[in-house]
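Scroll down for the structure; my scribbles are underneath it.
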Amino acid sequence: MRTIEKEEAPLSWRRHAQKSGAYKDYKELDEARNALLREQGNLCCFCMQRINLRNMKIAHWDPQSSSKGRTMDWGNVMGACLGGDRERHAVKHCDTAQGNKPIKVNPADRTQRCERLIQYGADGHIGSMDPAIHADLDETLNLNNEYLKRRRRAILDALRTRLEKCVPGGGHWPPEVFEQELKKWEQRDKQGMFREYCQVAIYWLEKQLRRRKRAT
């Protein structure tokens, strides 16, 4: 999970909101989805898997059932994956698992900076030292289901393997290696997309970098 730099809402959204229109009556959903994709670099706001116009939903951080006045608040909406919504026996996660339950962790809140509150384990586990946020991640959003843990673990395994091939050294790489790799994971590509699960790699690289710098 990473902080989303929210931008101005699409024109159709602003006009509908100014008329005090209800979210359920807003018709230009693809325009809103495209705007959210641009903001988020085509990553799900919660699990960071790749999303596009046809495999995403518009999620309300403050659920619609409890935030009647915020359903058209652009700062309250994000792009989320389907989270198993269309698959009968799939494990539910992200917005689909959240449903109408409130959460504390908020990727759209620049002041919270959620990435500073979240840790990733070598086994793909995601957690937080903040008990409420940990419950959000583990229970409400179900981000520690085996599928997502496997995907996050694969990112770390592939990253370590690639570093070993490029710079052999049994893991004893200098800080410069991590700094160069970090830039790649923090940047968008030419299409404006972030890498899938990028924050998992960023967390590991920053941790290794701090460790190397302390040792020098």
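Test Lys190 against the stated conditions and say whether it is within 16 Å of Trp204 (Cα to Cα), surrounded by fewer than 16 Cβ atoms within 10 Å (Cβ to Cβ) and without any contact (Cβ under 8 Å) to a residue 60 or more places away in the chain.
Considered against the rule, which asks whether it is within 16 Å of Trp204 (Cα to Cα), surrounded by fewer than 16 Cβ atoms within 10 Å (Cβ to Cβ) and without any contact (Cβ under 8 Å) to a residue 60 or more places away in the chain, Lys190 comes out as no.
Out of all the residues in segment 94-150, which are over 18 Å from Tyr197 (Cα atoms), outside any helix (DSSP H, G or I) and among the β-branched types (Val, Ile, Thr)?
Ile103, Thr111
Does segment 62-69 contain at least one residue that is in contact with a strand residue (DSSP E or B) (Cβ under 6 Å, 6 or more places away or on another chain) and either surrounded by 20 or more Cβ atoms within 10 Å (Cβ to Cβ) or in a loop (DSSP other than H, G, I, E, B) (or both)?
Checked against the condition, which is being in contact with a strand residue (DSSP E or B) (Cβ under 6 Å, 6 or more places away or on another chain) and either surrounded by 20 or more Cβ atoms within 10 Å (Cβ to Cβ) or in a loop (DSSP other than H, G, I, E, B) (or both), segment 62-69 yields no hits at all.
Can you find, within segment 162-187, the residue that is nearest to Leu205 (Cα to Cα) among those that are at pLDDT 85 or above and of a type in the set (A, V, I, L, M)?
Among those residues, the one meeting the criterion is Leu182.
If we scan segment 39-49, do we find a residue that is farther than 25 Å from Trp204 by Cα and either touching a helix residue (DSSP H, G or I) at 6+ places or on another chain (Cβ under 6 Å) or surrounded by 15 or more Cβ atoms within 10 Å (Cβ to Cβ) (or both)?
No, every residue in segment 39-49 fails to be farther than 25 Å from Trp204 by Cα and either touching a helix residue (DSSP H, G or I) at 6+ places or on another chain (Cβ under 6 Å) or surrounded by 15 or more Cβ atoms within 10 Å (Cβ to Cβ) (or both).
Counting only residues that are in contact with a Gly (Cβ under 7 Å, 6 or more places away or on another chain) and of a type in the set (A, V, I, L, M), which one in segment 17-38 is surrounded by the most Cβ atoms within 10 Å (Cβ to Cβ)?
Leu36
The rows are residues; the columns are (1) in a loop (DSSP other than H, G, I, E, B); (2) free of Cβ contacts under 8 Å to residues at least 12 places away in the same chain; (3) under 13 Å from the mean Cα position of the chain (by Cα).
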site	(1), (2), (3)
Ser12	no, no, no
Asp30	no, no, no
Arg38	no, no, no
Cys45	yes, no, yes
Gly75	no, no, no
Ala80	no, no, yes
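Taking segment 181-216 as the region of interest, how many residues are assigned to a helix (DSSP H, G or I) and under 19 Å from Arg113 (Cβ atoms)?
Selection size over segment 181-216: 15.
The values are calculated or read from the model by the stated rules, or taken from the named source; none is laboratory data. As the structure is a computational prediction, the values presented were derived from the model and not from experiment. Reconstructed Cβ throughout: ideal geometry from the backbone, glycine too, with neighbour counts over all protein chains shown.
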